[in-house]
Amino acid sequence: MSQQSISLTDGPVEVVGAVSIKANSRFVMPWRLPCAELDLYHESLVDRASVPAGVRLVFVSDTSRIELDVEPSGVQAHYDLLIDARLHQRIDAAETTGTVCFTQLPAGEHRLEIYLPQSHPSRMAALRIDAGASATPWRGDRPRWIAYGSSITHAVRAAGPSETWPALVASRFGLSLTCLGFGENCHLEPMVARLIRDLPADYISLCVGINVYAGSLTGRTFRSAVIGLISIIRERHEQTPMAVVSPICSPPRESKPGACGMSLQDMRREIAEAVERLRRRGDEHLHYVNGLDLFGPGLAHHMPDKLHPDAEGNRRLAQQYAKIVMPMLGLEPA
């Protein structure tokens, strides 16, 4: 079947969930940090930001087939195609020769979303659909949600990129997700606070603490860093509903202090106190959520390494977010 090429940077396709896009004559690559400022961030954070967790290509078409040429990674890297918000097909690029093919799309025009891997960088060379098929931008206007956190928010262990807990929650509530979950790199840096401050957002969630356990902050600096993170974001999001979530269950770390000098129990108290102090100063749109209410000891069997939720754990975490966190922010399921 003959096909036509669609531009990845100048046309009907929107790259949603990326902070910036780097393009050259060969590849288009989405980033979750500003490309022009990568040298201002720690190298480890830059590495994680090169992975397009939550990023998707969105357009409307009546094509029966999609081909996406990607740079071969040699490792498992899933691409999900959603048609009108429902998963149609999941393909592992490691099992291809560099072209991800989605087939048997239903007749008629549909909203198409290609979720890029949450586990590996994605460098895309070309996108093709049927010759003569329509291709137009999707005109929907979904509220924007920023989810900041650690590897638990990055959610590499989810079944696929459209089934990370942030993606599942965004789908259920009809939100446009920007996932700022950075594996091992949720350290409350001022540069990340500035980034969230400057991004458009209708809702914000911050899941903080677990990476600090390794020692990047201490009992002396942790609460101040939480207050500072929120305060910088509030410079331009004064009344944006915001949830601050303390660490979910991690049995080995609950009562044992880490290199930071705090256990997870200590961290939860510090985060709750930070939020309460800001609320007493009039921030009625700020909410604290105890991570154990979202993923407690009863779900620890969904954490093979006693830290990261597995595929089913991501689904359970999404369910609890939908039940507890999003209503706090004033949301109802779409």
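Just report the Cα centroid separation between segment 29-95 and segment 184-248, whole Å.
The two parts, judged by their Cα centres, are 25 Å apart.
According to a simple spin-label model (label point 7 Å from Cα along Cα-to-Cβ), what is the distance in nm between Gln104 and Asp10?
It works out to 3.8 nm between the two label points.
Which residue fluctuates the most in the chain, going by a Gaussian network model with Cα springs under 10 Å, if the choices are Gly219, Gly282, Gly296?
Gly282
Under a 10 Å cutoff between Cα atoms, tell me which one of Gly54, Gly228, Gly17 has the largest fluctuation in the Gaussian network model of the chain.
In the Gaussian network model the winner is Gly228.
Check cross-link reach from Lys323 to the aspartates and glutamates: straight Cα distance under 16 Å, and skip same-chain residues fewer than eight apart.
Filter leaves Asp293, Glu332.
Collect residues whose amide H, placed 1.01 Å from N in the peptide plane, falls under 5 Å from the amide H of Ala77; neighbours closer than 5 in sequence don't count.
Under 5 Å from the amide H of Ala77: Ala93, Ala94.
Between Ala94 and Ala126, what is the label-to-label distance in nm when each label sits 7 Å out along the Cα-to-Cβ direction?
Distance between label points: 2.7 nm.
For a Förster distance of 45 Å, can you work out the FRET efficiency between the beta-carbons of Lys256 and Ala85, rounded to the nearest 0.05?
So, using R0 = 45 Å, E works out to roughly 0.60.
Mind grabbing the base-10 log of I(q)/I(0) for segment 172-245 at q = 0.18, 0.26, 0.27 Å⁻¹? Debye formula, identical points on the C-alpha positions, no solvent, two decimal places.
Debye output, listed in q order: -0.72, -1.36, -1.43.
Please compute the length gained on full extension between Arg26 and Asp305, using 0.36 nm multiplied by the number of residues separating them and subtracting their Cα-Cα distance.
Roughly 96.6 nm would be gained on extension.
Using θ = phi - 60° and the Karplus relation 6.51 cos²θ - 1.76 cosθ + 1.60, list the HN-Hα couplings for segment 248-263 in order, rounded to whole Hz, with x at every Gly or Pro.
Per residue, the Karplus-derived 3J(HN,Hα) values read 6, 4, 8, x, x, 10, 4, 10, 8, x, x, 4, 6, x, 10, 8 Hz.
Tally Lys and Arg at +1 and Asp and Glu at -1 over the other residues with C-beta under 15 Å from the C-beta of Val75: what net charge comes out?
-2
Kindly state, to the nearest 0.05, the FRET efficiency for Arg220 paired with Glu273, given R0 = 22 Å and r defined as their beta-carbon distance.
The calculated FRET efficiency here is 0.95.
Scattering from the C-alpha atoms of the chain alone, worked out with Debye: what is log10 I(q)/I(0) at q = 0.07, 0.08 1/Å?
-0.28, -0.37
In whole Hz and in residue order, list the ³J(HN,Hα) couplings for segment 266-281 that follow from phi through the Karplus curve 6.51 cos²θ - 1.76 cosθ + 1.60, θ = phi - 60°; x for Gly and Pro.
Each residue's phi maps through the Karplus curve to give 5, 4, 4, 5, 5, 5, 4, 5, 4, 5, 5, 5, 6, 5, 5, 8 Hz.
Report, ordered by chain and residue number, the lysines lying within cross-link reach of Lys256, taken as a straight Cα distance under 23 Å and ignoring same-chain residues fewer than 8 apart.
Output for Lys256: Lys306.
Comparing Gln89, Gln319, Gln104, which has the greatest mean-square fluctuation in the GNM of the chain with Cα pairs linked when under 10 Å apart?
Gln104
So, in Å, what gap is there between the alpha-carbon centers of segment 104-153 and segment 259-288?
So the separation of the two Cα centres works out to 36 Å.
A short reminder: the numbers here are calculations on the coordinates, not readings from a lab. A quick note: this is a predicted structure, and the numbers were derived from the prediction, not measured. Virtual Cβ from ideal backbone geometry, glycine too; neighbours counted across all protein chains shown.
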